[in-house]
Amino acid sequence: MGHRQVISRLKEEAKAVNGETVIITFHPHPRKIVSSAILGIRLINTLEEKTELLQGLGIDHLVVVPFTDAFANQTPEDYLNNFLIGKFHPHTIIIGYDHRFGRDRLGDYRLLERKAAVYNYQLKEIPKHVLENISISSTHIREAILHSNASTANKLLGYEFFFSGTVVHGNKLGRKLGYPTANLKIEDEEKITPGNGIYAVYAEVGGRRSEDGSEKTELGSQTSDFRLLTSTLFKGMMSIGFRPTVDGKTRVVEVNIFDFDEEIYGQTLKVYLKKYLREEIKFDGLDALVKQIGLDKVES
């Protein structure tokens, strides 16, 4: 939600001068290049997802800069002269008050302020409280996702948290129980995934939405400006965890899509969290498990 405040301001500034909006981001995550502590990176959005969301917000240009040692080791002056000015000739630069750039992070807002008259651009500051809210909210979002708190994560995001995976073969137990599931392999290891438990979800299969006659729902009621999230999606339920009633050895992600009976192995399934239903439980046999799954479907 904090990022959306910044983006709204960017769009307002562009509209005022009949200009175009440009957002600059880096890939891979700069910490992977400038820090040895890379194991803790957990992305709320992958680059592809970030691109999709920004397109939905009506941003004119997204510039993805390959973040390399050479790029990180530019002097602040070179970063400004050769990159920001040389590539974009900006009318207005909007930047955080504490943003650092260039070798040894020596470039800052004050440098941009001193150079504004030289290069004839306006400089706008993102206030401290907005940036702190973004940082705090991002931490809370990650914690909420990891601890299965879908409602908090969605509220802070302003849209339903989503992730994608490739449908792979499982042990076909769900089919035998009357609830066939799509087993997902999450391709991007840096993408954060929800904590263990049972969830009500929406699903998009290989880029396809629900057709007339299927059980479906309209997603995105809380975020009308996220146009990509207002299409019709399949309803379903998801289990993440170790399946303690069955074997309890391997963590799996399984999605049961309601009123759906197609072979979709190898296709991409995009899953949107609707709400958390319950924790994993070890039942006294498959009959008790099937009974609970039926109740989960009703609650979904």
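Laid out as a table, the results:
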| item | result |
| --- | --- |
| The stretch 167-202, subset over 11 Å from VAL252 (Cβ atoms) and basic (Lys, Arg), residue nearest to the chain's Cα centre (by Cα) | LYS191 |
| Selection status of LEU229, among the hydrophobic types (A, V, I, L, M, F, W, C), modelled with pLDDT of 95 or more and buried (at least 19 other Cβ atoms within 10 Å of the Cβ) | no |
| Evaluation of GLU160 against (1) in contact with a Gly (Cβ under 6 Å, 6 or more places away or on another chain); (2) under 22 Å from ASN256 (Cα atoms); (3) surrounded by 19 or more Cβ atoms within 10 Å (Cβ to Cβ) (one fails), failing number | (1) |
| Number of positions in the stretch 172-195 that are in a strand (DSSP E or B) and either open to solvent by 60 Å² or more (accessible area, probe 1.4 Å) or closer than 21 Å to ILE141 by Cα (or both) | 2 |
| Which listed residue, of THR193, THR92, THR139, THR166, is touching a residue at least 12 places away in the same chain (Cβ under 8 Å) and out of contact with any Gly (no Cβ under 8 Å at 6 or more places or on another chain) | THR193 |
| Residues that are β-branched (Val, Ile, Thr), open to solvent by less than 80 Å² (accessible area, probe 1.4 Å) and either over 30 Å from GLU279 (Cα atoms) or in contact with a Pro (Cβ under 8 Å, 6 or more places away or on another chain) (or both), drawn from the stretch 117-140 | ILE126, VAL130 |
| Criterion violated by HIS27 - all others in (1) crowded, with 17+ Cβ neighbours inside 10 Å; (2) modelled with pLDDT under 95; (3) touching a strand residue (DSSP E or B) at 6+ places or on another chain (Cβ under 8 Å) satisfied | (1) |
| The stretch 115-130 residues that are in contact (Cβ under 8 Å) with a residue 24 or more places away in the chain and under 18 Å from ARG4 (Cβ atoms), paired with ones that are polar (S, T, N, Q) and open to solvent by less than 70 Å² (accessible area, probe 1.4 Å) (beta carbon under 7 Å, 6 or more apart) | LYS124/THR92 |
| Among (1) out of contact with any Lys or Arg (no Cβ under 9 Å at 6 or more places or on another chain); (2) part of a loop (DSSP other than H, G, I, E, B); (3) open to solvent by 20 Å² or more (accessible area, probe 1.4 Å) - the single one GLU143 does not satisfy | (2) |
| Which numbered condition ALA16 fails, given (1) small (Gly, Ala, Ser); (2) free of Cβ contacts under 8 Å to residues at least 40 places away in the same chain; (3) under 28 Å from THR152 (Cα atoms) | (3) |
| Spans of strands (runs of 3 or more DSSP E) in the stretch 41-139 with at least 1 residues modelled with pLDDT under 90 | 92-96 |
| Given (1) open to solvent by 60 Å² or more (accessible area, probe 1.4 Å); (2) touching a residue at least 12 places away in the same chain (Cβ under 8 Å), number of the condition ALA70 does not satisfy | (2) |
| Conditions (1) open to solvent by 40 Å² or more (accessible area, probe 1.4 Å); (2) touching a Phe, Trp or Tyr at 6+ places or on another chain (Cβ under 9 Å); (3) under 19 Å from GLU279 (Cα atoms); number of the one not met by HIS169 | (3) |
| All positions within the stretch 151-201 that are in contact with a His (Cβ under 8 Å, 6 or more places away or on another chain) and over 30 Å from ARG31 (Cβ atoms) | ASN183 |
| Answer from LYS274, LYS297, LYS282, LYS291 - the residue that is touching a helix residue (DSSP H, G or I) at 6+ places or on another chain (Cβ under 8 Å) and open to solvent by 30 Å² or more (accessible area, probe 1.4 Å) | LYS274 |
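The values are calculated or read from the model by the stated rules, or taken from the named source; none is laboratory data. Bear in mind the structure is a predicted one, so any value in this text is a computation, not a measurement. Here Cβ is always computed from backbone atoms with ideal geometry, including for glycine, and neighbour counts include all displayed protein chains. Ligands, DNA and RNA are excluded from the accessible area calculation, which covers all protein heavy atoms including side chains. Shrake-Rupley method; radii C 1.70, N 1.55, O 1.52, S 1.80 Å.
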